[in-house]
1. Going by what's in this entry, would Gly107 be described as modelled with pLDDT under 95, in a loop (DSSP other than H, G, I, E, B) and either more than 19 Å from the chain's Cα centre (by Cα) or not aliphatic (A, V, I, L, M) (or both)?
2. Do any residues in the stretch 19-41 that are free of Cβ contacts under 8 Å to residues at least 24 places away in the same chain have Cβ atoms under 6 Å from those of residues that are outside any loop (DSSP other than H, G, I, E, B), where the two are at least six apart or on different chains, and which pairs are they?
3. Cβ contacts < 6 Å: first residue farther than 15 Å from Ser165 by Cα, restricted to the stretch 181-200; second residue among the hydroxyl-bearing types (Ser, Thr, Tyr) and at pLDDT below 95, any location; separation 6+ or different chain. Result?
4. Restricting attention to the stretch 142-170, which residues are open to solvent by 10 Å² or more (accessible area, probe 1.4 Å) and either modelled with pLDDT under 95 or part of a strand (DSSP E or B) (or both)?
5. Kindly provide the set of residues from the stretch 211-254 that are among the hydroxyl-bearing types (Ser, Thr, Tyr) and closer than 10 Å to Gly91 by Cα, ordered by number.
6. So which residues in the stretch 232-257 are in contact with a Ser or Thr (Cβ under 8 Å, 6 or more places away or on another chain) and within 16 Å of the ligand (Cβ to nearest atom), if there are any at all?
7. Looking at the stretch 84-94, which of its residues are within 16 Å of the ligand (Cβ to nearest atom) and not aromatic (Phe, Trp, Tyr)?
8. Please find, among Val98, Val81, Val116, Val69, the residue that is open to solvent by less than 40 Å² (accessible area, probe 1.4 Å), within 16 Å of the ligand (Cβ to nearest atom) and assigned to a loop (DSSP other than H, G, I, E, B).
Amino acid sequence: MTFDFERPVDRAGSDSQKWRKYAGRDILPLWVADMDFAAPPAVLQALHARVDHGVLGYAKPLPSIDEAVVAHCRDRYGWAVDPAWIVWLPGLVTGLNVAAAAFGAAGDEVLVATPVYPPFLSAPAHQGRRAVAVPMARAGARWELDLDALDRAVTPRTRQLFLCSPHNPVGRAYRRDELARIVEFCARHDLTLVSDEIHCDLVLDDLAHVPAASLSADAAARTVTLMAPSKTYNIPGLGCSFALVPDPARRAAFVRAAQGIVPDVNVLGLVAGEAALRHGEPWRQALLAHLRGNRDLLEQAVARGDFPGVRTMHVEATYLAWLDISALRLTGAHAHFERHGLGLSDGAPFGAAPDTHVRLNFGCTRATLVEALARLRRATAEAR
Ligand SMILES: Cc1ncc(COP(=O)(O)O)c(C=O)c1O
């Protein structure tokens with residue numbers, strides 16, 4: 001079966017957050033992390049069948065979806081997951097908030113390597129904790145966690161490290177040895193590692209995703225892994241996610257923090273999530289090929305100097321490119337790009353200095369990206 005990632009689906013006028021923001025304006029929405037593609041046919045088929053059943057009452061995850069998660073972790077990552085570890089969640093921002101609340105006490109600290117997806121910085125504060133931002137290091141051609149800086153940031157109140165793996169927005173797919181050093185750091189300071197791996201199946205390079213918890217018994221015991229089929233299969237609007245918490249005490253604390261606040265996953269989310277995990281692989285392979293093409297187009301244009309003053313590092317994973325625009329010396333950079341027809345994500349909420357970075361979502365048709373790059377060329381030419 002072939003899948004078509006070039007056929008535009010008209011999202012203008014729909015309920016899409018991404019598209020509604022710029023409704024009626026000639027601004028390409030390349031911000032929030034969803035893709036402009038229909039979900040895999042196997043997912044849509046399963047949803048149609050479930051809707052045809054007609055009754056949409058309260059749902060509980062069937063054992064078959066737990067089995068799908070276990071099989072997925074075994075087959076994709078070689079990781080033996082016990083179904084008892086699974087805590088179903090209606091979203092991973094929820095998972096970050098529950099984790100922030102579950103461990104330590106009010107006023108305790110959570111280490112966060114920046115730049116990072118903004119809820120990593122806001123979730124601790126929402127839950128009465130303090131996010132301590134530690135800038136990442138640029139090591140040659142890639143971003144890395146700065147473990148020396150993280151060491152220096154540890155205080156007697158530090159309880160957790162929030163890791164984004166693969167990393168939004170810098171596109172890193174962390175290698176086994178890097179993850180081992182991160183786990184060792186957490187062990188040394190007795191921290192809970194909260195590893196958000198929502199982008200785990202969007203590794204574009206020829207690399208395997210390594211779940212941090214799969215490294216060792218100690219890694220498993222101190223880690224809360226957050227995963228979901230939502231990013232990969234483009235079903236984030238259905239809210240189907242899960243935490244894997246091997247340690248019984250940590251799992252109990254996590255479940256306690258969610259109690260009475262966090263609702264069950266909705267009935268259609270469960271159906272879509274299971275279908276994606278079980279039947280989505282051919283679609284995912286075709287998607288990865290399309291995303292690699294988009295990434296390469298963007299990276300080649302940057303390397304050719306099409307956008308003087310714009311730098312980026314190689315995107316190993318995700319469909320998000322983190323553009324360093326500091327050399328443009330813009331004031332009001334985000335609005336500048338909007339005036340040139342580009343709706344990017346402003347880098348400041350990710351922890352970047354104002355007007356230094358923007359994030360571009362290339363989960364779109366090639367035609368949309370080509371148009372976006374033409375606009376980026378004009379926007380950078382007129383910034384100088
Ligand atoms: C790292 C990361 N975590 C979580 C989310 C959002 O998860 P959810 O929509 O399930 O709350 C995103 C969305 O972009 C993300 O990039």
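1. Details: modelled with pLDDT under 95: no; in a loop (DSSP other than H, G, I, E, B): yes; either more than 19 Å from the chain's Cα centre (by Cα) or not aliphatic (A, V, I, L, M) (or both): yes.
Answer is no for this residue.
2. Trp19/Pro29
3. Partner pairs satisfying both residue conditions: none exist.
4. Let us first name the residues in the stretch 142-170 that are open to solvent by 10 Å² or more (accessible area, probe 1.4 Å), namely 142-149, 151-157, 159.
Correct list: Arg142, Trp143, Glu144, Arg159.
5. Of the residues in the stretch 211-254, the ones among the hydroxyl-bearing types (Ser, Thr, Tyr) are 214, 216, 223, 225, 230, 232-233, 241.
Within the stretch 211-254, Ser230, Ser241 qualify.
6. Within the stretch 232-257, Pro236, Leu238, Gly239, Cys240, Ser241, Ala243, Leu244 qualify.
7. Initially, the stretch 84-94 is screened for residues within 16 Å of the ligand (Cβ to nearest atom), giving 86-94.
Ile86, Val87, Leu89, Pro90, Gly91, Leu92, Val93, Thr94 - these are the residues of the stretch 84-94 that are within 16 Å of the ligand (Cβ to nearest atom) and not aromatic (Phe, Trp, Tyr).
8. Details: Val98 fails: assigned to a loop (DSSP other than H, G, I, E, B); Val81 fails: within 16 Å of the ligand (Cβ to nearest atom); Val69 fails: assigned to a loop (DSSP other than H, G, I, E, B).
Within the list Val98, Val81, Val116, Val69, the selection yields Val116.
The values are calculated or read from the model by the stated rules, or taken from the named source; none is laboratory data. Everything quoted here is computed from the prediction, not taken from an experiment. Methodologically, a virtual Cβ is constructed for each residue, glycine included, from the backbone with ideal geometry; neighbour enumeration extends over all protein chains shown. Note: areas computed on protein heavy atoms with side chains; ligands, DNA, RNA excluded. Shrake-Rupley method; radii C 1.70, N 1.55, O 1.52, S 1.80 Å.
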